[in-house]
Amino acid sequence: MIRILQSVSNMDRAGLETMLMNYYRHIDRTKVQFDFIVNKPKPGNYDEEIKHMGGRIFLSPGLSPLRYPKYLRFVKEIVEKDDRIKIVHAHNEAMGFYALSGAKKAGVKVRIAHAHNTQIIRDYKWPLKMVCKRLLPLAATDLWSCGRDAGIYYFGKKRWEERGVIIRNAIETEKFAFNTAIRDEMRKKYDLKGKKVLGHVGRFNLQKNHNRLLDIFAAYQKRNPESMLVLVGEGELESEVREKTEKLGLANKVIFAGLQKNVNEWYQMMDVFLLPSLFEGLPVVGVEAQAAGLPCVFSDRVTDEIALSDQVMRLSLDEENEKWAEAIEYLIKNKKDRKQGAGLVRKAGYDIATEAERLQNLYLSMSER
C-alpha cells in the first residue's frame, strides 16, 4: 500500500475538497491511502471521515514567506517518518509550491501540481502567489489540471501541451440524477409550488460574482414575479449579498440556504442553474447541475469544457442583465427530460467510479519511478 500526501487549502465544504473526498471514498484504500496537509488550524468538515478511512491530517506552520524554511522542514519530516509516502499531490494552486518544494528537498520522486482555476484573486497575498505560480512547475515533476484552460493558466501553454494531464472533476452521477419525488418534497418543504426556481451553489466570494447574480435575478423577476432564487453556500461576502438583496427589494424572493450536506437534493428543486463567475477552472457544481438534468447559464469566463449537454448556454458578462433573463426564460420554456442528465455526464467521462479507478492506476504506476 502506498500513501499520497495531498496538500490542500483546508478540508472544508469548498468544491475542490468535496471533489477530492469523492475520489478518496472510491479508491481501493488497501492499495492507495490519502494523507492531508492543511494550513489552517480550524477543523474541517471532513476531518473525522478522513481519520475513519485511515487518513492522517498534518497541520503546517502556515504559508507565510517567513515560515518557508520551517515549512520545508515540516514536509521533509513527514516524508522521512513514513517510507510509504511515494507521491506529494498539491491542490492549493500557486501556494502548492511550498509543499512541492518540501517534497523535492525530501527526495520525493513524484510531485504533482494540480491546477483548479484560471485566475488568482488580487488580495494582499497576490504578489506572493504570483511568484509561487512562476516557480510551481519547477518544483513539480507532473502537471495536472481539472481542464485545459486552468492548466494553461498555471503552467503555460508550452509546458501544458508537453506535460499536462487532465483529471476530471468527477461525481457520483446517480446521486445527482433527477428524482421527481425528491423535487416534490423539497419544493413543498420550502413553499415553492408553482414557482420558477433559479439556483446557485458556490462560496460567497469575489469569484462567484453574486452581485451580478442578483442583478440578473432582478431582471428575470420582472418577467416572472413568482420566481425565486436559491443560494447554497457561505463565505466572506454573504452579508454584503444579503444587504444588496434588501436594497433590491428581493428579500422575500431569495433563500439563503447556507452549507448543505444534501446539496444533491437542492439541485432537484431548481429549474435553472446560474453561474456568472468572473473566472473558473472546470467547476464541479456545473457538472453536478447537469447530472441533475438542469438547464445551465454560465458566464463565458467558465471554460467551454463545462458544456456536457445541449442544455447549457454561456453568455458574456458584457451582455445586459435582460439578455441573461431572456436566456433563462428560453431554457425554461424549452426544457428537456431531466432524467437524461446523469447519463450524459457519465458518457462525458465524469462518473467517479471510472475516474477514481483511473486515478488509482496513475498513482500506482507513478509510484514505481
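For the reader, a short list of remarks on this structure follows.
- When Ala115 is tested against (1) among the hydrophobic types (A, V, I, L, M, F, W, C); (2) over 24 Å from Glu305 (Cα atoms); (3) touching a residue at least 40 places away in the same chain (Cβ under 8 Å), just one condition goes unmet, and that condition is (2).
- Residue ID - least open to solvent (accessible area, probe 1.4 Å), chosen from residues in the range 300-326 that are in a helix (DSSP H, G or I) and more than 11 Å from Ala219 (Cβ to Cβ): Ile306
- Among the residues making up the range 79-113, those that are at negative phi, open to solvent by 10 Å² or more (accessible area, probe 1.4 Å) and out of contact with any strand residue (DSSP E or B) (no Cβ under 7 Å at 6 or more places or on another chain) are Glu80, Lys81, Asp83, Met95, Phe97, Ser101, Lys105, Ala106, Lys109.
- Residue check for Val272: open to solvent by less than 10 Å² (accessible area, probe 1.4 Å) and closer than 27 Å to Glu226 by Cβ: yes
- The lone exception for Gly286 - which of (1) within 18 Å of Thr173 (Cα to Cα); (2) small (Gly, Ala, Ser); (3) surrounded by fewer than 22 Cβ atoms within 10 Å (Cβ to Cβ) it fails: (3)
- No other residue among Ala103, Ala99, Ala140, Ala90 is touching a Gly at 6+ places or on another chain (Cβ under 6 Å), among the aliphatic types (A, V, I, L, M), closer than 21 Å to Leu359 by Cβ and at pLDDT 95 or above apart from Ala90.
- When the range 215-249 is limited to residues that are in a loop (DSSP other than H, G, I, E, B) and under 23 Å from the mean Cα position of the chain (by Cα), the one that is farthest from Gly199 (Cα to Cα) turns out to be Glu236.
- Residues of the range 327-356 satisfying the condition of being under 20 Å from the mean Cα position of the chain (by Cα) and either assigned to a loop (DSSP other than H, G, I, E, B) or without any contact (Cβ under 8 Å) to a residue 40 or more places away in the chain (or both): Ala348, Gly349, Tyr350
- Residue list for the range 265-281, restricted to those being more than 11 Å from Val232 (Cα to Cα) and outside any loop (DSSP other than H, G, I, E, B): Glu265, Gln268, Met269, Val272, Phe273, Leu274, Leu275
- Residues of the range 250-264 classified as under 24 Å from Cys146 (Cβ atoms) and part of a helix (DSSP H, G or I), total: 2
- For Tyr267, the criteria (1) surrounded by fewer than 23 Cβ atoms within 10 Å (Cβ to Cβ); (2) under 24 Å from Leu20 (Cβ atoms); (3) not charged (D, E, K, R) hold in every case but one, which is (1).
The values are calculated or read from the model by the stated rules, or taken from the named source; none is laboratory data. Values in this document were obtained by computation on a predicted structure and should not be read as measured data. Cβ atoms come from the backbone with ideal geometry, glycine included; neighbour counts cover every protein chain shown. Side chains included, ligands, DNA and RNA excluded: accessible areas come from the protein's heavy atoms. Shrake-Rupley method; radii C 1.70, N 1.55, O 1.52, S 1.80 Å.
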